[in-house]
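Step one of this worksheet: look at the structure below.
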Amino acid sequence: MVIKRGRFSNRLGFVAAAAGSAVGLGNIWKFPYETGENGGAAFLLIYLICTIAIGFPVMISEIALGRKAQTDAYGAYNKLGNRKWGLIGAFGILCGIMILSFYNVVAGWAFGYFVQIVFGDLLSVGLDDYSAHFGAYVADFWDNLIFSFAFMILTGLIVVRGIKDGIETASKFFMPLLFLILIGLIIYAMTLNNAMEGIKFYLLPDFSAINIKTVYSALGQAFFSLSLGMGALITYGSYIKKKENIVKSAAVVTLADVSVAFLAGLLIFPLVFSQGQQPTEGPGLVFVALPKIFHEMGPFMGKFVGGSFFLLLCFAALTSTISLLEVPVAYLVDEKKLPRKRVVFGLALFIFIIGLPSMLSQGAVPFFTNFMFYEGGNKTFLDVISDMFSEVGLPLGGFMLTVFIGFKWKTKNLSLEISKGNPGYEGSFLEKFVNIVITTVCPLLLGLIFVVTVLQKFLNVQIFG
Ligand code: TRP
């Protein structure tokens, strides 16, 4: 029996969904705290270089691979390569499952903060107590359980509706709103005392802050933020038509993603500096800095603006969780021919359960909270999963993708696929650039960084000081 696969309705639909996948907690929650921890502007610069020089060509390749194969991430490598190459796809699917397991926990915090602002008393917490409040909130068992469970169910409800009605519609609606509220908040933040200090930290690079950790953190962040390295875009690419222009779509998605991350930094750092906070606060950064200004706006405005902000953050996260869930769903539907509905809810529940240790690792259960010790500090279970499957796993997935294209599928087939819907591609400067990045830069650089990261991060072997 041939099951008809879903499709995006047109280019805008695909772009909205792929941008929805890219823009998420990675931009608004992770990017600012990573930038804060890694020296500010210097990190921003390297992140931008990684995005343009590596992320963009890898994105084009993932989409092309998916569209050529017309199937899920595992199936794509399997079809254009063989079963052994299929393992790359399988590794990607595993990364996706593990990333979703902790991503959904953080999404639950955003959801909980939304509810606390609008219906609770988050805005009456003492101005100096937001850090402690966040610490207590993430350590609370029941709130986290309820909100992250609810978030996973919401994700499932959209994914089950399929490509066009679920994923595409949700993204088209929420993405533009997010842009608007970010810009409004930035204008407000600029008026605060000391805002310029934040801008300086964010935009004037201090090159002495750059070391190998800056580089692999920025690279990991670029992959995470663009949703690369695990087959999410192979999967989405399999739902588009041949006549569509992959290069243009990827450019819009990359631009949207970078803009939102950039704007998030432009909002957060003036706030952090005007509040006399440290930019190195870590994962709590936005959850501490933002509620404070909402508090200062007064009860009515605070509820309105703060409520809208966290609501949009939830939607941004939701269009990302749906893409993370779609990857293993597509695998089981395409390869095992299982019914979509059963697969969606079965997987959602399974991933929610795998996420429980991450959820409990924020203070609720000491064993998971002090799970490992490396990089000179205690790592929570959530950190460990994020380090393994996102910071290391995604660039590794990208490395294997480029090896696959260079040695097995070949760049001439890549070019052939990209030029469908983009007749000028073959022979263009962009083609040469993409091919060099994919066959040379990526395999060498990503391979090297993988080795260095594993040695330095997990085995504590210092190579570059
Ligand atoms: N890019 C999303 C964010 O920035 C997270 C995400 C969604 C993701 N799908 C992905 C990351 C696939 C890696 C791979 O929040």
Out of curiosity, is Leu123 part of a helix (DSSP H, G or I), in contact (Cβ under 8 Å) with a residue 60 or more places away in the chain, over 21 Å from the mean Cα position of the chain (by Cα) and crowded, with 19+ Cβ neighbours inside 10 Å? yes
Away from the ligand (no atom under 16 Å from the Cβ) and in contact with a Ser or Thr (Cβ under 6 Å, 6 or more places away or on another chain), is that true of Gln116? no
Check on Met388, assigned to a helix (DSSP H, G or I) and surrounded by fewer than 19 Cβ atoms within 10 Å (Cβ to Cβ): yes
Might you let me know whether the stretch 54-73 holds any residue that is touching a Lys or Arg at 6+ places or on another chain (Cβ under 8 Å) and within 16 Å of the ligand (Cβ to nearest atom)? no
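Does Leu94 count as closer than 30 Å to Lys410 by Cβ, over 19 Å from the mean Cα position of the chain (by Cα) and either hydrophobic (A, V, I, L, M, F, W, C) or within 12 Å of the ligand (Cβ to nearest atom) (or both)?
So Leu94 fails the test.
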List pairs: first in the stretch 215-235 and closer than 17 Å to Leu325 by Cβ and in contact (Cβ under 8 Å) with a residue 12 or more places away in the chain, second more than 6 Å from the ligand (Cβ to nearest atom) and not in a helix (DSSP H, G or I), Cβ under 8 Å, 6+ apart or cross-chain? Gly231/Asp72; Ile234/Asp72; Thr235/Asp72
Cβ-Cβ distance below 9 Å, separation of 6 or more or different chains: which pairs start in the stretch 76-91 with a residue that is touching a residue at least 24 places away in the same chain (Cβ under 8 Å) and end on one that is hydroxyl-bearing (Ser, Thr, Tyr) and part of a helix (DSSP H, G or I)? Ala76/Thr235; Trp85/Tyr77; Ile88/Tyr74; Ile88/Tyr77; Gly89/Tyr74; Gly89/Tyr77; Gly89/Tyr331
Among the numbered criteria (1) part of a helix (DSSP H, G or I); (2) closer than 17 Å to Phe262 by Cβ; (3) more than 16 Å from the ligand (Cβ to nearest atom), which single criterion is violated by Pro205? (1)
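Among Leu313, Leu271, which is in contact with a helix residue (DSSP H, G or I) (Cβ under 9 Å, 6 or more places away or on another chain) and within 16 Å of the ligand (Cβ to nearest atom)?
Values: Leu271 fails: within 16 Å of the ligand (Cβ to nearest atom).
So the residue among Leu313, Leu271 that is in contact with a helix residue (DSSP H, G or I) (Cβ under 9 Å, 6 or more places away or on another chain) and within 16 Å of the ligand (Cβ to nearest atom) is Leu313.
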Exclusive hit being within 16 Å of the ligand (Cβ to nearest atom), part of a loop (DSSP other than H, G, I, E, B) and either within 30 Å of Asn193 (Cβ to Cβ) or of a type in the set (Val, Ile, Thr) (or both), set Pro279, Pro283: Pro283
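For residues that are buried (at least 19 other Cβ atoms within 10 Å of the Cβ) and over 21 Å from Phe111 (Cβ atoms), tally how many sit in the stretch 282-302. Before the answer, list the steps.
The initial filter retains those residues of the stretch 282-302 that are buried (at least 19 other Cβ atoms within 10 Å of the Cβ), namely 283-295, 302.
Narrowing further to those that are over 21 Å from Phe111 (Cβ atoms): none.
Looking only at that region, the number is 0.
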Taking the stretch 237-274 as the region of interest, how many residues are small (Gly, Ala, Ser), closer than 19 Å to Asn422 by Cα and not in a loop (DSSP other than H, G, I, E, B)? 4
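Let me confirm something: among Gly112, Gly81, Gly86, Gly40, which residue is crowded, with 24+ Cβ neighbours inside 10 Å and in contact with a helix residue (DSSP H, G or I) (Cβ under 6 Å, 6 or more places away or on another chain)? Don't jump to the end; show me each part of the working.
Details: Gly81 fails: crowded, with 24+ Cβ neighbours inside 10 Å; Gly86 fails: crowded, with 24+ Cβ neighbours inside 10 Å; Gly40 fails: crowded, with 24+ Cβ neighbours inside 10 Å.
Matching residue, one of Gly112, Gly81, Gly86, Gly40: Gly112.
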Identify, please: which residue in the stretch 428-465 is at pLDDT below 95 and assigned to a loop (DSSP other than H, G, I, E, B) and is, among those, nearest to Glu375 (Cα to Cα)? Asn460
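For the stretch 414-465, which residues satisfy the criterion of being within 20 Å of Glu244 (Cβ to Cβ), of a type in the set (A, V, I, L, M) and surrounded by fewer than 19 Cβ atoms within 10 Å (Cβ to Cβ)?
Our first condition is that a residue be within 20 Å of Glu244 (Cβ to Cβ); within the stretch 414-465, this holds for 414-426, 428, 430-431, 434.
Next, only the ones that are of a type in the set (A, V, I, L, M) stay: 414, 416, 418, 430, 434.
Passing the criteria: Leu416, Leu430.
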Exactly one of these conditions fails for Met230: (1) part of a loop (DSSP other than H, G, I, E, B); (2) away from the ligand (no atom under 11 Å from the Cβ); (3) surrounded by 24 or more Cβ atoms within 10 Å (Cβ to Cβ). Give me its number. (2)
Tyr137, sole failed condition from (1) of a type in the set (Phe, Trp, Tyr); (2) over 21 Å from the mean Cα position of the chain (by Cα); (3) more than 29 Å from Ile293 (Cβ to Cβ): (3)
Filtering the stretch 333-382 down to residues that are among the charged types (D, E, K, R), in a helix (DSSP H, G or I) and touching a residue at least 60 places away in the same chain (Cβ under 8 Å) yields Asp334, Glu335, Arg340, Lys341
Long-range neighbours under 9 Å by Cβ, at least six apart or interchain, first residue crowded, with 24+ Cβ neighbours inside 10 Å within the stretch 303-328, second among the charged types (D, E, K, R) and not in a helix (DSSP H, G or I): Val327/Asp72; Pro328/Asp72
Which one of Lys248, Lys213 is closer than 18 Å to Asn38 by Cα, away from the ligand (no atom under 16 Å from the Cβ) and touching a helix residue (DSSP H, G or I) at 6+ places or on another chain (Cβ under 9 Å)? Lys213
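So, Leu382, is that one surrounded by fewer than 20 Cβ atoms within 10 Å (Cβ to Cβ), aliphatic (A, V, I, L, M) and at pLDDT 95 or above or not? Talk me through it step by step, then tell me what you get.
On the way: surrounded by fewer than 20 Cβ atoms within 10 Å (Cβ to Cβ): no; aliphatic (A, V, I, L, M): yes; at pLDDT 95 or above: yes.
So Leu382 does not fit the description; no.
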Residue list for the stretch 15-27, filter: touching a Lys or Arg at 6+ places or on another chain (Cβ under 9 Å) and either more than 10 Å from the ligand (Cβ to nearest atom) or of a type in the set (S, T, N, Q) (or both): Val15, Ala16, Ala17
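The values are calculated or read from the model by the stated rules, or taken from the named source; none is laboratory data. Since the model is a prediction, treat every value here as computed from it, not as a measurement. Counting neighbours? That spans all protein chains shown, and the Cβs are built from the backbone with ideal geometry, glycine included.
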